[in-house]
Amino acid sequence: MKKLITLVLSITLSLIFVSQSKAENQFTVSGSIKDAKTAEDLIGVVVFVKEKSTGATTDINGSYSIKLPEGTYTLSVSYLGYTKIDTVVALTKNVSLNIVLKEAHVAIAEAVVSAKKENDHVTDLKMSSEKLSIETIKSIPAFMGEVDVLKSLQLLPGVQSGGEGTTGFNVRGGSADQNLVLLDDAPVYNASHLLGFFSVFNADAIKDVEIYKGGIPAAYGGRLSSLVDIKMKEGDAKKLAVEGGVGTIASRLTVEAPIVKDKGSFIVSARRTYADVFLQFSSDEALKNNRVYFYDLNAKLNYNLTEKDKLSLSGYYGQDVFKFNDDAKITWGNKTASGRWNHIFNDKFSSNVGLIYSDYNYTITSLKSTEAFKGMLEIEDLSIKTDFNYYANSKNTLRFGFNIIHHDINPGSIEQQSDQSVVNDLELDHKYALENAVYISNDQELTPKLSVQYGIRYSFLQNIGGTVYKYDSNMENVTDTIEYNSTHIHKQQGGFEPRLSLRYTIDDRSSVKVSYNKTMQYLHLISNVAGGTPLDIYMPSDEYIKPQEADQYAAGYFRNVHDNMFETSVEVYYKNMKNQVDFKDNVDLLLNNNIEQAVLTGTGKAYGAEFMIKKQKGKLTGWASYTLSRSERKIDGINNGKTYVATQDKPHSVNLVGTYQLSKRWELGATWVYASGSAVTMPSGGFEYNGIVVPVYTERNGYRLPASHRLDISVTLKGKEKPNQRYHSSWNLSLYNAYGRQNPYSIQLRQNEDDPKITEAVQTSIIGTIIPSITYNFKF
């Protein structure tokens, strides 16, 4: 391991040294770029040096740095949705240049697909990734009028819904737990409200969303299939601003303001549903006493301690509540907190240190005196993440760092709540582990046409303390039980994760890109439900469950046409997976203290092609995509050891997304989606026992549900605009499932009521009708 790290460092530093040695009397122009209205940092702004045909983009802190030979240069600063500016700088010494950009007040500003330069699709090193601005997400028709970040991602090629009405999703043939979802660097383990109908992310508090299906930077790991990076707004550092909305099912309110003008700011955003309020007016006493609602709260604070030091604190708290009369109460929710300190050592070197907390918990409480109990499961993380950026020169940007995550997993416990209760106390063994990683990567321009990003990540998991069971050769009987103290490391496993992305620019309108990723996953979802439920819990790799591994290869052709009005792309990928987790047939996973006995592992593969065309200028904007894909597994003990398609295998999917600006006040939006049905296991025969037909299952996922498709439409009417007007408002009317399609969620077998010898299949639909909604939005 040491030899390989030394080799990678030597090669990287040698390439940087070669680049540096070719230029003498070089100086650096660096600084930050902010929104002129709110003073928020702008991420991904392009700073282009016209005389050298080179440049840089701002990082997560809105900072940039470019090293150039002595001379006078014109810097062209552009960011989609903002007014482009040119500024002249004379480099006879290192120059600090901070820039503010003003929003471009054009009719289509709210219909852009992403905030980036016009041909960034072609010139950027990234592939298999997409950034969605919050304006784009808000323009997409939403279920019950609630703008949903995760459902918007499901409209992209290679990203497929886990099921009708759910926020669970699958990326390039991976399972739902193979997606790393981060909110300001904090992992969110269950990102759904109301059993998956809504996500936990309040769009009013979100700045932008980026998903990586491949080409994942070396700074990130821990999941096989994708990274979803969600950033919260920083708050308006200029003035007080308030926005919100009142909708069919929920209301929202967001307040942001400066702490010290141009130096610090905060934002607080809250949302709550009120279905429980309407239930109180029901004439049905059973319904009247029920409570069904969710709420969430986002908060963030930013403060510039000095010109070189910035402190950022952010947090999220959300909860779902289901109360059934006076019988039972179920709650589940997430808590996250992130503290980040950014320090600029000089114009070339900066650091970002973060302390991060994440907690997901599920609680069920029985209120009946004879069986009163409280059941709970929880996963709690505490981590430190440190990243360093070194701008070696205009052709090399070096990034390196490390992170350590402490996992504390409670897979389930039951506690008696009264002396009359007949329920016994139960507590499953807690699992403790340290997940560690160190990485280094470099973005390098080899020639004006050829750029490469290469890096390596080494990750490893350490199981600490707790109880370990020993089994016989068949994993059927416990032969020994070992108790370890809280500091004892009883198992360690890990490996290298190389990353490589390469882009060759054919001309300013087209390019070819390739990438390779190796990823490892140490936490495994214990669930046999494809869409995910609040009862889902994760277990770490250990003596019996190896880390999942994936090698993904991807290649793509990217082309812009008609003066960058249209972006087109085609990508192909192949993913080879090891140690894929599945479970034995008919096994009980809930409150199972010996879950390793139920686990089976094997290999998998996923491959496909993704086609996309996107229109980003004019009155009509949006995109159309088609994905052709397969996802397969081969696991001893399942399907007689033969290859079978994964539950999330959906060979065909189509997404059409469009926004049409009728006028300055009227806007139309529509989406149409189509996907092949999920693979399901159905009986291949049966036998009669005591007059009842008992089904026999032989082939895993040998059948497929019918295809799903749906049309959603929306109409937005903005309030009249007047000079110097501070209050802005709009009405949004949307129709979800506009033609009332009854998409299949599952097929269940039951015996015919008239003849029990007959077994019939019954299709279940979660949403089988048109769902209208109306929302009033305001901002001042």
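The values are calculated or read from the model by the stated rules, or taken from the named source; none is laboratory data. These numbers come from a predicted model, not from an experiment. Reconstructed Cβ throughout: ideal geometry from the backbone, glycine too, with neighbour counts over all protein chains shown. SASA here: full protein model, heavy atoms, side chains in, ligands and nucleic acids out. Shrake-Rupley method; radii C 1.70, N 1.55, O 1.52, S 1.80 Å.
Some observations on this one:
- Failed criterion for ASP408 (all others in (1) of a type outside the set (Lys, Arg); (2) within 18 Å of LEU523 (Cα to Cα); (3) at pLDDT 95 or above; (4) crowded, with 21+ Cβ neighbours inside 10 Å hold): (4)
- Filtered residues of region 306-344 (kept if among the hydrophobic types (A, V, I, L, M, F, W, C) and modelled with pLDDT of 95 or more): LEU311, LEU313, ALA337, TRP341
- Annotation note: Cβ proximity below 7 Å between a residue of region 80-99 that is at negative phi and a residue that is in a strand (DSSP E or B) and open to solvent by 70 Å² or more (accessible area, probe 1.4 Å) (sequence gap 6+ or interchain) occurs for TYR82/GLU103; VAL88/THR72; ALA90/THR72.
- Boolean, SER199 is open to solvent by less than 10 Å² (accessible area, probe 1.4 Å), under 26 Å from ILE440 (Cα atoms) and touching a residue at least 12 places away in the same chain (Cβ under 8 Å): no
- Test: SER527 is at pLDDT 95 or above and either open to solvent by 20 Å² or more (accessible area, probe 1.4 Å) or over 20 Å from the mean Cα position of the chain (by Cα) (or both): no
- Checking SER473, SER486 one by one, the residue that is of a type outside the set (Val, Ile, Thr), part of a strand (DSSP E or B), at pLDDT below 95 and open to solvent by 60 Å² or more (accessible area, probe 1.4 Å) is SER486 and no other.
- Candidates ARG457, ARG499, ARG503 - the one that is modelled with pLDDT of 95 or more, surrounded by 21 or more Cβ atoms within 10 Å (Cβ to Cβ), assigned to a strand (DSSP E or B) and touching a Leu at 6+ places or on another chain (Cβ under 6 Å): ARG503
- Near pairs, Cβ below 6 angstrom, 6+ apart or cross-chain, from region 722-747 (part of a strand (DSSP E or B)) to any residue that is surrounded by 13 or more Cβ atoms within 10 Å (Cβ to Cβ) and aromatic (Phe, Trp, Tyr): SER729/PHE778; TRP731/TYR776; TYR736/PHE143
- Counted residues, region 506-524 - those being farther than 20 Å from HIS406 by Cα, within 21 Å of the chain's Cα centre (by Cα) and surrounded by 22 or more Cβ atoms within 10 Å (Cβ to Cβ): 2
- Number of the condition not met by VAL147 [criteria: (1) among the aliphatic types (A, V, I, L, M); (2) more than 14 Å from the chain's Cα centre (by Cα); (3) surrounded by 23 or more Cβ atoms within 10 Å (Cβ to Cβ); (4) in a helix (DSSP H, G or I)]: (4)
- Selected residue (criterion: farthest from TYR697 (Cα to Cα)) from residues of region 726-746 that are in contact with a Phe, Trp or Tyr (Cβ under 9 Å, 6 or more places away or on another chain) and surrounded by fewer than 16 Cβ atoms within 10 Å (Cβ to Cβ): ARG726
- Residues (of a type in the set (A, V, I, L, M, F, W, C) and either free of Cβ contacts under 8 Å to residues at least 12 places away in the same chain or closer than 25 Å to ALA328 by Cβ (or both)) located in region 392-445: ILE409, ILE414, VAL422, VAL423, LEU426, LEU428
- Qualifying residue in region 387-397 (condition: within 30 Å of HIS193 (Cα to Cα) and either of a type in the set (Asp, Glu) or in contact with a Leu (Cβ under 9 Å, 6 or more places away or on another chain) (or both)): no
- Qualifying positions in region 242-255 - open to solvent by less than 50 Å² (accessible area, probe 1.4 Å) and either touching a Lys or Arg at 6+ places or on another chain (Cβ under 7 Å) or over 14 Å from LYS300 (Cβ atoms) (or both): VAL242, GLU243, GLY244, GLY245, GLY247, ILE249, ALA250, SER251, ARG252
- Any hit, region 432-446, residues being over 25 Å from MET539 (Cα atoms), in a strand (DSSP E or B), of a type in the set (A, V, I, L, M) and open to solvent by less than 70 Å² (accessible area, probe 1.4 Å): yes
- Among residues of region 411-431, those that are at pLDDT 90 or above, of a type outside the set (Lys, Arg) and within 28 Å of the chain's Cα centre (by Cα), counted: 2
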